[in-house]
1. Just to verify a result, which residue in segment 554-565, among those that are surrounded by fewer than 21 Cβ atoms within 10 Å (Cβ to Cβ) and modelled with pLDDT of 90 or more, is nearest to residue 532 (Cα to Cα)?
2. If you go through segment 637-648, how many residues are part of a helix (DSSP H, G or I) and under 22 Å from residue 443 (Cβ atoms)?
3. Name the single residue that is surrounded by the most Cβ atoms within 10 Å (Cβ to Cβ) among those in segment 524-549 being closer than 19 Å to residue 469 by Cβ and within 43 Å of the chain's Cα centre (by Cα).
4. Given (1) closer than 27 Å to residue 351 by Cβ; (2) modelled with pLDDT of 85 or more; (3) crowded, with 16+ Cβ neighbours inside 10 Å, identify the lone condition not met by residue 296.
5. Please determine, by comparing only the residues of segment 42-74 that are loosely packed, with under 14 Cβ neighbours inside 10 Å, in contact with a strand residue (DSSP E or B) (Cβ under 8 Å, 6 or more places away or on another chain) and assigned to a loop (DSSP other than H, G, I, E, B), which one is modelled with the lowest pLDDT.
6. Determine, yes or no, whether residue 213 is in the same structural domain as residue 142 (by TED's automatic domain parsing) and surrounded by fewer than 21 Cβ atoms within 10 Å (Cβ to Cβ).
7. Which residue pairs have Cβ atoms under 6 Å apart, sit 6 or more places apart or on different chains, and have a first residue in segment 69-84 that is in the same structural domain as residue 95 (by TED's automatic domain parsing) and a second that is surrounded by fewer than 16 Cβ atoms within 10 Å (Cβ to Cβ) and modelled with pLDDT of 75 or more?
C-alpha cells in the first residue's frame, strides 16, 4: 500500500556548472514547474527517511526545448542517473536508502531556456537495487541466494553491484532476463561474463560481486556443490593457479572472451607430460607452458592434445580458449623416460645431451628462429646419421655446428616432410645439432654411426681436407649442389692406386685427383666411376664436387696385396678379395685372414653392417644385451642388426665371441638383404627337412645360388668358417 509523505523540497543554489539557481519550497506529490536556463543548474535537495522507492515524473518538453536532469546522492559526486526530458516526458523510479538526494535541472547546450514540470513521490518498501550501487565500495549489503533481484541501469551509464558470499567450494549459477551479468571477485577482478543473462562459474569460498546492467532487469543466483577437481576463479595468473592433479580429469570453463585459466602441476621424474583436452565443440585451444620462474617453455596453437619432455619440478599451464561460455576438461598424464627433450634447450649453453643409438622423444619449438639444440659428443671420427621421425608433416631445418659455433652442416627441406635423414662425417669432438620446424610437432631423433671412415666436415678446402683411409669404404655427403669435399693422402713411395666412386643418392658428381701443386692428374664426371693410376711419392688431394645433394661413397685401394694365407689358388680367393676391396674385411695386423677359423658372431654383424645391408633400419631401437655394453667395439653394429630383426633379442645375451652355424647364417643373410623366395622348385638337401625352422632360409639361398651344399648336404649345424661366410656374403652382394 502506498504511503504518502509531505516533505520540504528546498531549491539550493548549485555552484557546480552554474552561477545562480532559483530555489523553491514545494510539497511532495505537488506539481513543480519552472524554467531551466543554459549553463545554470537548479538544484533541489530531497531527504528520504527510510528504505523505499523515489519516483520522479517529468512532463513532456515544450516547443522542442528539452531540459536535462541529474540525480545524485547526498554529495554531488555520488552520481545516480542523468537523462533528457523528451517529447513524452520521463518517469523514473529509484530504489533509495534513507538519506539526502539532489535533483539538478538545466537546459541543453545551445538552448537559452526550457520550461519544465515534475512531480516527486515516495513509496516505502524493500528493494535490492538501491542507488548508488555502481561500484564495489557502495555495493549493497549481502543479497540472499534464490532471491529475485530487480533493478535498472537504462537511464544512466553505470552498472549495479550486488555483494554475495560463498561459504565453500561451489558452482555459482546466475540467471536473469533483460540483463547483462558478470561476476567479480573480492579484488574486483572479472571472473565470468554472461552476455545473455545466464552463467555458471566454479568459485572458492569468499566474497564476490554480481554486476548487472539492463533496463528493468531481473536475476537470481544460487549455489550447487562443485567437484573438487574443478578450476576455481580467479585463476588467471601464476599466483592464483588452480592445482592440476595427475591422471584426474580437471573440469573448467571459458567464462568470457578474455578468460585465461592458469593451472599448476608437478612432474615427478624425468619424462613426458601429456595434456588431453575434451570439450563439447570442435574448437581447439591455445596452450602455454611455463617453468617455475615464469619462463615460457612451450606454446601449442590450436591443440587438443600435446606432450612435452620435462625434468622433475613444478610447472604452469595456461589455457587460452578460442570460444566463449564453454565448459572443457583437462587430463594430465605422465610417462617416465630417460631420454626426453628437456626445455629450455634453445642454445648451445643449455643444449641437452644427445646419446648415440638411443631415440630421444622431443617437441619442436615451432617458432621462427628458435631451435631445440642437442650436444653430441663424438668419441671417434666417423660417418654419423641423424634421423628424425615427425608425428606430422612440416617444413624442417636441421643444422650441425662445432664447439666454436661454426656451422659445419645444414639440411633445409623446403617441402613438408614427416621424416628425414641427414648424414655427416665428423671428427672427434663436441658438436651441436639444432632442429626447428614451422609448427610445434612431436618427433623422435636418433644419431647412429654408419661407418668409422668418412669425410669430416668442414672439408671444403685443401687446408682442411679429410684423410683418405685406404682399403676402406669411405662415406661422404653433399649438403647442397654446390658443396665441395676435399680428401688428402700421402705416398711414401711410388704406388699404383685404384678407386671406385658411387654417387648413391647424387645424380652425378665430378672427382679430381690433384697433386701438391694443384695440377689435375685425373678427373671424371660420371654417375658411377672407377680408375687407377701410378703415383709418385708425395701428397695428393681428391676433390669431389656435387651436382646435387646426397650421399656418396669412395673407396681408395693402394694395390691391395693378397692375404698371406689366401693365395690366388685358394678356392675362395676371388670372393675374399672382392669383399676386401669393398672395405668389408680388413684381416689381421699381420696381413693374414685366417680363413679356416670359426666365424665369431660379432664379426658377422660387423661385416653385414659395413656392407650397409638394406635390412638395417635408419632408426635404431636398442636392445640391452647383458654381454654387450655400450663400450663394446661392435655395440652399434649389433644394435643395427637387432633393430632390423636380423638377429633375435635374447635376455641371456648376444654371445659376441661365440660361433655361428650355417643355418643361422642363412637366416641372417635372407633378412639382411630382404631376399624373397623364387617360384622355382624346392632344392633338396638330405639334412634339411620342411619341419626345420631354417628350411625356408636355406631354400632361398639355394634358389639364388648363394649356397650349393656339399654332396647333397647343407650341414646346417656345422660352425661357419671365415672363408665360407666371406664366400656367402660375396655371392649375396652380386644378387
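The values are calculated or read from the model by the stated rules, or taken from the named source; none is laboratory data. Computed from a prediction, not measured in an experiment: that's the story for all the values here. With ideal geometry, Cβ positions are generated from the backbone for all residues, glycine too; neighbour counts draw on all protein chains shown.
1. Among residues in segment 554-565 that are surrounded by fewer than 21 Cβ atoms within 10 Å (Cβ to Cβ) and modelled with pLDDT of 90 or more, the one nearest to residue 532 (Cα to Cα) is 564.
2. Residues flagged as part of a helix (DSSP H, G or I) and under 22 Å from residue 443 (Cβ atoms) within segment 637-648 amount to 3.
3. Among them, the one singled out is 544.
4. Of (1) closer than 27 Å to residue 351 by Cβ; (2) modelled with pLDDT of 85 or more; (3) crowded, with 16+ Cβ neighbours inside 10 Å, only one is false for residue 296: (3).
5. Among those that are loosely packed, with under 14 Cβ neighbours inside 10 Å, in contact with a strand residue (DSSP E or B) (Cβ under 8 Å, 6 or more places away or on another chain) and assigned to a loop (DSSP other than H, G, I, E, B), it is 74.
6. yes
7. Qualifying pairs under 6 Å: 70/82; 74/99; 74/100.
So that you can scan it fast, the table gives a plain yes or no per residue for (1) in contact with a helix residue (DSSP H, G or I) (Cβ under 7 Å, 6 or more places away or on another chain); (2) free of Cβ contacts under 8 Å to residues at least 40 places away in the same chain:
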{"residue": "616", "(1), (2)": "yes, no"}
{"residue": "624", "(1), (2)": "no, yes"}
{"residue": "690", "(1), (2)": "no, yes"}
{"residue": "715", "(1), (2)": "yes, no"}
{"residue": "730", "(1), (2)": "yes, no"}
{"residue": "735", "(1), (2)": "no, no"}
